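What follows is a structure written as structure tokens; I'll ask about it next.
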Amino acid sequence: MLIRTKKYLLSLLLLLSVTACANSALTVQRYNLPDSQAGTAISPAAAKQILVIGSIQLAEFLDSESIVLQLDDITVHQAREHLWAENLTQQLRRGLRHRLSAQLPETLVVSDQRGISGDSWELQLAIDQFHGYTTGSALTSGQWQLHNPQGELVLIAPITVETALSSDGYPALVRALGNNLDQLAQQLAQQIRQQY
């Protein structure tokens, strides 16, 4: 009898704890990549060059609203409560446009070709990593390509940028990923300037 009573109480406690977990509300946090200083305004007629930010391809595990954290060498975790406020590809496109406009003041940097006449260069990116590590860093890696106005591939190079997190937590991770985007834009601008 005593064993049956203990089993009943244990089952009841387990049921109550599962019910409490199921009923507890998730606190969802949404994040945007930090803004950068925008470049100076430039008219298409005054621009010496036009740079179109073309396709940005994300690795499939990054192409979601979840912020990603790599737990070890093979385990990736997509957060359920820490999400991007907007599509990550759009945030990267806008962030690169602002940052490259600041780095390349004589270049008109646009997100697409619509409404732009004249020859333009095109930048394409394939992002393999844009996430944090439990070791306390944020990593951005992949590859970028630059095509000249004739459509020819003139430069292809790897992307590898890593920033240490200033503290624990997702806000620090998002800020570190924003810093990675700053560094990437500086590297891209330096290489693009040499091709003009």
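Values quoted throughout were computed directly from the atomic coordinates according to the rules given, and no laboratory measurement underlies them. What you see is a predicted model, and the numbers here were worked out from it, not measured in a lab. Cβ coordinates were reconstructed from backbone atoms using ideal geometry, including for glycine residues, and neighbour counts include every protein chain displayed.
How far apart, in nm, are the 7 Å Cα→Cβ label points at Gln183 and Tyr196?
2.5
Using the Karplus curve 6.51 cos²θ - 1.76 cosθ + 1.60 with θ = phi - 60°, what ³J(HN,Hα) values do you get for each residue of the range 181-187, in whole Hz, with x for Gly and Pro?
Calculated HN-Hα couplings, in order: 5, 4, 5, 4, 4, 5, 5 Hz.
Within 10 Å of each residue's Cβ, count the other Cβ atoms and sort Ser111, Ser120 from fewest upward.
Ser111, Ser120
Determine, for His98, His77, His131, the number of other Cβ atoms within 10 Å of each Cβ, and report the residues in order from fewest to most.
In increasing order of surrounding Cβ atoms, one gets His77, His98, His131.
Same structure again: Name the trypsin sites (Lys or Arg not before Pro) in the range 80-187 that are in a loop by DSSP and that have at most 11 other C-beta atoms within 10 Å, would you?
Taking the range 80-187 and a limit of 11 other Cβ atoms within 10 Å, the loop trypsin sites (Lys or Arg not before Pro) found are Arg114.
Further, regarding this structure: Loop only by DSSP, 16 or fewer other Cβ within 10 Å of the Cβ. Give me the GluC sites (Glu not before Pro) in the range 64-166 that pass, ordered by residue number.
Taking the range 64-166 and a limit of 16 other Cβ atoms within 10 Å, the loop GluC sites (Glu not before Pro) found are Glu65, Glu86, Glu106, Glu152.
Between Asp72 and Gln145, what is the spin-label point distance in nm, taking each point 7 Å from the Cα along the Cα→C-beta axis?
Reported label-point gap for Asp72 and Gln145 is 3.7 nm.
Please compute the Kirkwood hydrodynamic radius over the range 40-99, one decimal place, Å, based on all pairs of different Cα atoms.
Taking every pair of different Cα atoms in the range 40-99, averaging 1/r and inverting gives 14.1 Å.
Okay, next question. May I ask for the equivalent-ellipsoid semi-axes of the range 135-196, computed as the square root of five times each C-alpha gyration tensor eigenvalue and listed largest first in whole Å?
Semi-axis lengths for the range 135-196 are 30, 10, 8 Å.
Over the Cα atoms, compute the radius of gyration (one decimal) and Dmax (the largest Cα-Cα distance, rounded to a whole number) for the range 26-195, in Å.
For the range 26-195, the Cα-based Rg and Dmax read 16.5, 52 Å.
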